[in-house]
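Some notes on the structure that comes next.
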Amino acid sequence: MKRSISYAKKALDGIIEEANKSLSDEAKIEPAEIRTNSDKIMIQYSIECPDIEKGAVLDILDMGIKEYGSSRQVYTPFKRFMDMYEVTMQQKYEDSDKIYTTIIGAGYSKGCVVMTTESTHHRGPHIRIKMETDREIDEDDIGFHKQIIDSLLPVATNIDPKKKFTGMGIAIEEDHSVFDWDYLAGYDRLKDEIRSKIVNPNLEKEIYAKVRTKTRIRPDQVGYNCYTFEGKPGVGKTDMARVVAAELGYPFIEVPLEEVVNRWYGESEKIVSNIFEYAWALDKAVLFFDELDTLCGDRDGGMHEVTKRVTSVIMKKTAMNTMLKSTVVIAATNRWDLLDEALQRRFKKKIHFPLPTSDDLAAIYRHYAKQLSPDDIDQLVSISDSFSGFDVLQVCEGAESYFIDDKDTTKAIPDIDHYLRAIDGVKGIGEPKRKEIGFGNRE
């Protein structure tokens, strides 16, 4: 028991010391207090906060009404009392009219608990973390406390994640009026796969959870919100991620990793860590890392030291994100084989974006060249082998430019000849640049 207490004290104080470095002067985490009571170990520490937003803690910890056998546990909202916030858990048993007010559970059956209460020695509102157990403290317990501390840091620092992202030059896209499943022409099988693997599990979490409690030994560990979109440039990876955000109703945050490394050289790992923290502070978001392969080549291939550190941060944060399940993380790569093996394991839910099929190409051409006949479309498709959606867009834009430049008053609209000329031009360019432009199914 003594060894367990010593281990827990040392491990938690190390986590708290590191966390305090990121807090403002108005907020801090006190060292852990650990003591024994009869045959139990009690761990307790507090996070002082300059301004606790009502409901923020409950949202982060995903609390609500839950059923446990014959008992009904009700997690109450914050109650204002003497400039302090109080969170309690109430239990009412079926065979009794009494309500027992106890400590709040945070989703773990091991005894990890969270509560806030009035205390005279605190300067202001605070969150008290408390754990009681009758067994040895193990690494899982310490890891869970680290998860709690990391997830509550944005609340403790009272940050505005939107302002933080803006200050970093990263836009948060919340207007999804343009994006839906019809935005990208064709790709029906790919859309079905993304619905099944990403959208539906996030929209219908309760249904999936119920099924998994009946099929899995440890359903509490089920949940995976890290995905890879893999495919050649121009096949719609970025825009499909936007469609996912639109379908979920989440803000979309695109992170250009290569730019992050170059712009904040020497601080890249801290910036990437902050990006995750700010995304978690939004509660729900689609966090899209573009060009993952440009940053994370295989270690045996001579990975730069900065790249190794950034990769390590991504590994840690995505592991934590899997536990929190608060953010959908999507990484795009043109070369899956160049990714670090550890990252391949982390982003193992891979969705391959193939080049468009003949039917897909026809659908994209019909959208951007609706005046052409079916025979004309078929002719273009027949000579567009290995074209991406971006290539088709370039062809259609090129045809329009040729038509305007020709100044042919006898033609009111581009014809098949303009598109054939444009195809020759695109084939001469070779593989398109990495920047993707939507080739959506919009008028």
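Every number here is computed from the coordinates shown, using simple stated rules; none is lab data. Everything numeric in this text was worked out from a predicted model, so none of it was measured. Heads up, the Cβs are rebuilt from the backbone with ideal geometry, glycines too, and the neighbour counts pull from every protein chain shown.
Some observations on this one:
- Fewest-first sequence of Val328, Val260, Val235 by Cβ atoms within 10 Å of each Cβ: Val260, Val328, Val235
- Residues Ser177 and Thr36, FRET efficiency given R0 of 51 Å [Cβ-Cβ distance, rounded to 0.05]: 0.30
- Percent of C-alpha pairs per 10 Å bin, segment 358-429, short to long: 21, 58, 20, 1
- Residues Lys349, Lys164 in ascending order of nearby Cβ atoms (within 10 Å, fewest first): Lys349, Lys164.
- Two-site FRET efficiency, Arg195 against His352, from Cβ-Cβ distance with R₀ of 25 Å, rounded to 0.05: 0.95
- Residue order, fewest to most beta carbons within 10 Å, for Val199, Val329: Val199, Val329
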